[in-house]
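As structure tokens, the structure follows; a few thoughts come after it.
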Amino acid sequence: MFSRHVVGELSCYLDGELSEKEKSVVETHLKDCSACSGELARLKILSETLKSWQVPEPSGAFDDTVRDKIVLSELERGQVKMDRKTLHLLVPSGVLAGILVLVLFSALTHKANIQLAGIKDERTTAEEVSRAGSQYAPYYLNSGYRTSQMNGAASRREGYARSGPVDLLETAARTTDAIYAIMDKGDTGVAFQKARVNADAQSRGFSGSGPATASALVALSSPELPLEEGSVIVIQPTLPATGEGEKIIRTAEVRLEVEDGREAYKKLMAVCQEAGGYIAASQLNRDNEDRAAGFIVMRIPKARFTEVLDKLRDSGQVKDINTSSEDVGQHYKNLKVRLDAEMVVYNKILEALKRRQKTISEALQVQSELTPVLSRIETLKNQLEALDNAVSFTTITVYFNEPQVSAKILQQSGRLIRESLMATSFNIVKFIARVLPRAVGIAAVLLIAGVAGAFLKAWIVKTFKRD
Amino acid sequence: MRNFTDEDLMREYQQGNGAAMEEIVRRYKIPVFRFTCRLCRNAAEAEDIAQEVFLRVHQYRHSYAPRGKFSTWIFGIAHHLFVSRLRKQRWVIPWPKKNVETDEPVEFASSEPSPQETAANNETAGILKQCIESLPLLQKEALILREFHQMNYQEIAGVLNQSLGTVKTLIHRARGALKDKMSAIIEGVQGGRHV
């Protein structure tokens, strides 16, 4: 069947794709053919070597993202209703505001109270949250603080401070401004509108068993935020303004040969600035032979990309150009889809919050559900912004160097050679000018002597011939 | 659900059993991701495509008919999505309009690894990855499906929508090209074994 070498069949043989008859023929041939046997051995080694190519595992959010995409797909088909108004309200331009603040409102009190340690619920709550792994030592301010934003839940403000001493809390318990200061210093991450409150602080002392059990009693009233029974304050995240249009990351690498490295460096910086870009990195150095070389990495607005590349031609001799582009539109779209899906989840949890009982443990549970969602929203937002930046500003890397033999030096050398030749010519002419008169004189004397000699000879011959 | 075949799971999912889809994702998440990861240049893009595969499985669940293996169908979706993605990335950049040396129009493909990246990847896996990436797309896919997913030629033909003879040729050529590019490594291994 295979009268010649079986190299062409070895792949199929290796993969077990030959019929029994073909396999038998190949094996018979291999016994006697070292070339084909060697080739088979190399294919086996190649196959083993291929196994060394490891790839990473998918991220932990893979399953959730697939689920979110399916949910959003059904949403878009109209299978699931959602409040679009909420999404529209959440798209201002700007920066993400912060993390979520969940305030539970005590249904029993209309006036704000601050209870110190000794109250079993707060202690229990503090311990629960401590076990949840908060990095901050929690100080709890149980206040009858009300808002009009949402109804039906007890409001509770939780303050966190970085392992603050008890005396700091004591001070905070007396004035609401200090309370805000503690919360801000404690970097709760909460961005909320400060309301003017009248503190009616009643500090009862502290349990002394540590910050986890300490709490303060503050009476608050907020004229700017009209309060109703059972309100909850929730901070909505702000989403980035995401642009439409193509999403293509463009990069270019240009190699220039320049006469003067320093001048080229300055010129390239000027080109970048004129185009409204900025320098991401740069370097200029000299080698042992004092030749300048370096690179500049420019970020140029995408609309000026072509114009800048044109201008680079004026900066030196272009030796090499490489440009590339990467269409990240699908990736961008997927991130947006994920972000939208997270917002759907976020809003659904908020809706659930409205319906739930206002117990502390359930409020904490809602908070613990919302926090990772917000964290994911923040991550996705940052990724979108990074992509927008990469798309809006192209990257041009320019490598420049002075040549081995500069044209300037060649020109100078040429000029030197010409000058030398001219000098030599002058010298020759001068030499001749000096020597020539003497030579002419000598030649004249010799000529005269020769002529005289000839006459003398003729006279002698004539005289002796007569005799 | 874990004892169901892939085809049974799809049947269940067609009837609205969401748990069947979860099981499908559990079974094929890693194989599909590894396939796309070996085709794409970065894991993020690979994960995007892999997630898109499962979305398409959901969207086209009612059009699935168990004529062949489910794995052939799902990998075929991955192949199709990757090719679509690749087509969008290949286009002509406005500048430079002409090659500065030859004065010919220039077309640029997607980003290639820079010389710095090439120099940095001197280990076998790095060289291997670059060699495979240099293969034509169908050869690369056929080889990956054979070497890393142990598909037979018939299944590969189903995934790539090619004939059996074409698949044989693709794999033979892919191995031949890789063998030449990696001859130094292969000879080194072979020499070590002979000693």
Self-check item: Peptide A:319-328, shielding by other chains (average Cβ, 10 Å cutoff)
Solution: 6
Quiz item: For chains B and A, what's the summed buried accessible area, probe 1.4 Å, to the nearest 100 square angstrom?
Solution: 5400 Å²
Exercise. Take the alpha-carbon centre of segment A:435-455, take the same for segment A:294-335, and report the distance between them in whole Å.
Key: 83 Å
Exercise. At 1.4 Å probe size, with no ligands or nucleic acids counted, give the accessible surface of A:Glu74 in Å², nearest ten.
Key: 30 Å²
Quiz item: Using 17 Å as the cut-off for backbone N distance, which residues of segment B:11-48 belong to the label zone defined by a point 7 Å from the Cα of B:Arg56 along Cα→Cβ?
Solution: B:25, B:28-41, B:45-48
Quiz item: Say each of B:Ser163 and A:Ala270 gets a label point 7 Å from the Cα, pointing the same way as Cα to Cβ; how far apart are those two points in nm?
Solution: 6.6 nm
Quiz prompt | Probe 1.4 Å, all protein chains present, accessible-area order of B:Lys88, A:Lys348, B:Lys129, largest first | solution = B:Lys88, A:Lys348, B:Lys129
Exercise. Can you tell me how much longer the chain between A:Lys31 and A:Ser59 gets when fully stretched, taken as 0.36 nm per residue apart minus their C-alpha distance, in nm with one decimal?
Key: 5.2 nm
Practice problem: Heads up, I need the accessible area for B:Ser84: 1.4 angstrom probe, whole protein in place, Å², nearest 10. | Solution: 40 Å²
Quiz item: Out of every Cα pair in segment B:1-53, what percent are spaced more than 18 Å from each other?
Solution: 39 percent
Self-check item: Per-pair calculated FRET efficiency, R0 = 56 Å: A:Leu284 and B:Tyr64 via Cβ, rounded to 0.05
Solution: 0.35
Quiz item: Stretched out fully, how many nm does the piece from A:Ala386 to A:Glu307 gain, at 0.36 nm a residue minus the Cα gap?
Solution: 26.0 nm
Quiz item: Quick one: which of A:Lys69/B:Lys140; A:Lys319/B:Lys181; B:Lys88/B:Lys129; A:Lys51/A:Lys336 span more than 25 angstrom between C-alpha atoms?
Solution: A:Lys69/B:Lys140; A:Lys319/B:Lys181; A:Lys51/A:Lys336
Quiz prompt | Label-to-label distance, nm, for residues given as A:Ser413 and B:Asn17 (7 Å Cα→Cβ offset) | solution = 8.5 nm
Exercise. Could you calculate the FRET efficiency of A:Glu20 with B:Val83 from 1/(1 + (r/R0)^6), where r is the beta carbon distance between them and R0 is 41 Å, rounded to 0.05?
Key: 0.65
Quiz item: Expressed in nm to one decimal, what extension gain is obtained for the pair B:Thr5 and B:Ser183 from 0.36 nm per residue of sequence separation less their Cα-Cα distance?
Solution: 59.9 nm
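The values are calculated or read from the model by the stated rules, or taken from the named source; none is laboratory data. All figures in this text were calculated on a predicted structure; none of them were measured in a lab. Counting neighbours? That spans all protein chains shown, and the Cβs are built from the backbone with ideal geometry, glycine included. Ligands, DNA and RNA are excluded from the accessible area calculation, which covers all protein heavy atoms including side chains. Shrake-Rupley method; radii C 1.70, N 1.55, O 1.52, S 1.80 Å.
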